[in-house]
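Single-structure report; data block below.
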Amino acid sequence: MTEHIKLENDGGILSLTMARPDKKNALTNAMYGALADAIEGAETDPAVRVLLIRGEGDMFTAGNDVGEFAAIATGGVQGERHVGRFLQAIARSSRPLVAAVQGRAVGIGTTMLLHCDLVVLAENALLSTPFVNLALVPEAASSLLMPLRIGYARAYEMFALGEPVDAGSAVTWGLANRVVPLDKLDAEAKALAARLARQPAGALGMTKRLMRNPEVLMAQIVAESERFAERLKTAEAREAFIAFAERRPPDFLKLADAR
């Protein structure tokens, strides 16, 4: 579907690599579609026992492609949006999900980690969820999962202020399993994925189902998505995206109360 998602199956481990390093792996509609296809396909493929998500270059992902967001906000995008399929696929996946994260993981780059079963961070990893900064709201069921994972106070600060969380804090808070030197990241993530691939797949799948209710997650994703779509069309969002394009701070105070 797109050359910006690379797939490789090695020993039962399907690696999904976001490969748009010149754009900091910012996720386009086509990339979401390719990721959704791969995760959905893995559910019925006995050759896939584990999924490994990684990013090419110096950053995991800058999150959603802001240019596409801006086009949506101004009514310039038509056709099927694949982000919903990706969110549903990652929330429903019965396969173990391992993530290898280097550099920045912005927005959905962080919230997708809440659906991963093992997360390995490089020492330079920075996790951030700056949805409010763009006049938007959290997605990927993160408004439910993030407070459950790290507590309301820390989750609200991450969402409301959008400031990055470093790798050490992310592990301490419970957002990731371990931190390794950057040059050890891929090897560590692949080693963990290989260990999972050797475990009994049925027991792993049932354990995951007992720990995570996909129907609850999907209900939250739907509720968030509706609010997200509404926010994209607001004056606040237009100001945020125009300011981004003009490389200036947004001025939300000049707008009428948009709550």
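Structural remarks
- Number of residues in region 213-233 that are free of Cβ contacts under 8 Å to residues at least 40 places away in the same chain and within 17 Å of ILE90 (Cα to Cα): the value is 5.
- Within region 207-255, the residues that satisfy the criterion of being within 16 Å of VAL132 (Cα to Cα) and of a type in the set (Asp, Glu) are GLU224, GLU226, GLU230, GLU236, GLU239, ASP251.
- Members of region 152-168 found to be surrounded by 15 or more Cβ atoms within 10 Å (Cβ to Cβ) and under 21 Å from GLN102 (Cβ atoms), listed by number: MET158, GLY162, PRO164, VAL165, ASP166, ALA167
- Qualifying positions in region 10-29 - surrounded by 15 or more Cβ atoms within 10 Å (Cβ to Cβ) and not in a loop (DSSP other than H, G, I, E, B): ILE13, LEU14, SER15, LEU16, THR17, MET18, LYS23, LEU27, ASN29
- Residue match in region 171-182 (condition: open to solvent by 60 Å² or more (accessible area, probe 1.4 Å), assigned to a loop (DSSP other than H, G, I, E, B) and touching a residue at least 12 places away in the same chain (Cβ under 8 Å)): yes
- Among the residues making up region 29-45, those that are out of contact with any Ser or Thr (no Cβ under 6 Å at 6 or more places or on another chain) and modelled with pLDDT of 95 or more are TYR32, GLY33, LEU35, ALA36, ASP37, ALA38, GLU40, GLY41, ALA42, GLU43, THR44, ASP45.
- Residue in region 191-205 that is surrounded by 13 or more Cβ atoms within 10 Å (Cβ to Cβ), touching a helix residue (DSSP H, G or I) at 6+ places or on another chain (Cβ under 6 Å), in contact (Cβ under 8 Å) with a residue 24 or more places away in the chain and of a type in the set (A, V, I, L, M, F, W, C) present: no
- Evaluation of GLU188 against (1) under 17 Å from LEU114 (Cα atoms); (2) open to solvent by 30 Å² or more (accessible area, probe 1.4 Å); (3) touching a strand residue (DSSP E or B) at 6+ places or on another chain (Cβ under 7 Å) (one fails), failing number: (1)
The values are calculated or read from the model by the stated rules, or taken from the named source; none is laboratory data. None of the values given here were measured: they were computed from a predicted structure. Using ideal geometry, Cβ is built from the backbone for each residue, glycine included, and neighbour counts are taken over all protein chains shown. Accessible surface areas use protein heavy atoms only, side chains included; no ligands, DNA or RNA. Shrake-Rupley method; radii C 1.70, N 1.55, O 1.52, S 1.80 Å.
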